[in-house]
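Laboratory data are not the source of any read-out in this text; all were calculated from the coordinates shown. Computed from a prediction, not measured in an experiment: that's the story for all the values here. Because the Cβ atoms are built from the backbone with ideal geometry, glycine has one as well, and the counts that use them run over all protein chains shown.
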Amino acid sequence: MSDTEKVHCLIIGSGPAGYTAAIYAARANMHPVLYQGLQPGGQLTITTEVENYPGYPNGIMGPEMMVEFEQQAQRMGADIRWGLATKVDLSQRPFKVEIDEEKWIEADTVIIATGASAKWLGLESEDRLNGHGVSACAVCDGFFFKNQEVAIVGAGDTACEEAMYLAKLCTNVHMFIRRSEMRASKVMQERVTKTPNIKVYWNTDTLEILGEHKVESVKILNNKTNEESIIPIKAFFVAIGHHPNSDLFKGWLDMDDQGYLITQPGTSKTNIPGVFACGDVQDKNYRQAVTAAGSGCMAALDAERYLGTLE
């Protein structure tokens with residue numbers, strides 16, 4: 001550990017949770033250092049317009065909103081840096097975090113805000129049209145396709161919830177299931193099948209999303225009959241799950257079977273005192289910018305109180 005730096009509060013990650021934690025920690029004179037990670041701004045940088053965050057009556061573009069979060073954190077005095085946490089040692093305090101496989105930070109407190117990543121189908125057209133009708137968040141983007149036809153792929157409870165959410169806004173929802181059954185709970189399946197404007201397609205693979213600059217239709221394949229068909233739609237929602245960006249903390253922090261960090265109810269506290277988690281890396285239920293920001297505030301306050309016990 002030739003190159004080591006000592007800090008009071010280290011924040012790993014830079015979405016709404018990380019930046020909000022930085023704002024609060026800086027105002028509390030904790031001199032936070034924040035490393036942005038691979039995707040500065042987090043998932044919001046791959047969304048287009050955000051209309052459901054309070055305080056922006058006319059909406060705001062996701063990337064622009066994250067720049068404003070970052071600027072506010074910097075104005076409060078947070079030290080925001082480009083870099084990726086590559087290894088941790090949480091065996092004792094000060095906690096040790098390696099950055100970019102070359103430098104070590106020693107921190108009295110660590111706030112983890114590494115987020116989660118949506119799982120995608122892996123289609124070229126899905127990537128190309130992301131933000132132009134392709135989305136991994138129906139609650140975020142469904143409103144833009146009011147009274148239009150849309151499609152959703154997924155077979156779990158989240159997919160069912162999102163399909164029903166879309167059914168309230170859109171004329172028709174085409175729901176593609178790869179197999180002959182859903183993974184979702186029975187009650188969720190029943191709700192979907194009883195919703196008149198959701199059409200479920202069993203044994204269906206998505207071959208391609210069609211459209212030059214925006215989604216115009218989707219080509220699907222019935223994997224039992226090998227029959228292909230094209231359905232005109234204006235939006236394509238992917239709801240095949242998220243994976244929390246928590247691999248770095250395996251063996252150190254308690255996680256559920258999906259890898260979400262477990263925090264004590266009503267707090268941001270992990271199983272290691274002095275290590276806190278906020279945002280989507282510990283939240284699989286809400287996954288909204290506003291809830292992530294709220295939990296970032298909680299983490300900074302929890303960290304401030306923890307530091308107070310050390311003095």
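Annotations for the structure displayed:
- Share antiparallel - DSSP beta bridges, region 120-238, percent rounded to 5: 45 percent
- Shape of region 226-311, Cα gyration tensor, a/c cut at 1.5: prolate
- Where only DSSP H runs of four or more residues are counted, the chain gives -7500 deg cm²/dmol as its mean residue ellipticity at 222 nm, each run worth -39500 (n - 2.57).
- Coordinate range along principal axes, alpha carbons of region 120-238, Å, largest first: 38, 34, 22
- Kyte-Doolittle mean at least -0.5, axial Cα span of 20 Å or more - DSSP H helices of the chain: 289-310
- Among beta bridges from DSSP that stay inside the chain, the antiparallel ones total about 45%.
- Listed peptides 6-13, 56-63, 107-114 appear in the order 107-114, 6-13, 56-63 once ranked by packing, highest mean of other Cβ atoms within 10 Å at the front.
- q = 0.08, 0.11 Å⁻¹, the chain: log10 I(q)/I(0) [Debye, one scatterer per Cα]: -0.40, -0.71
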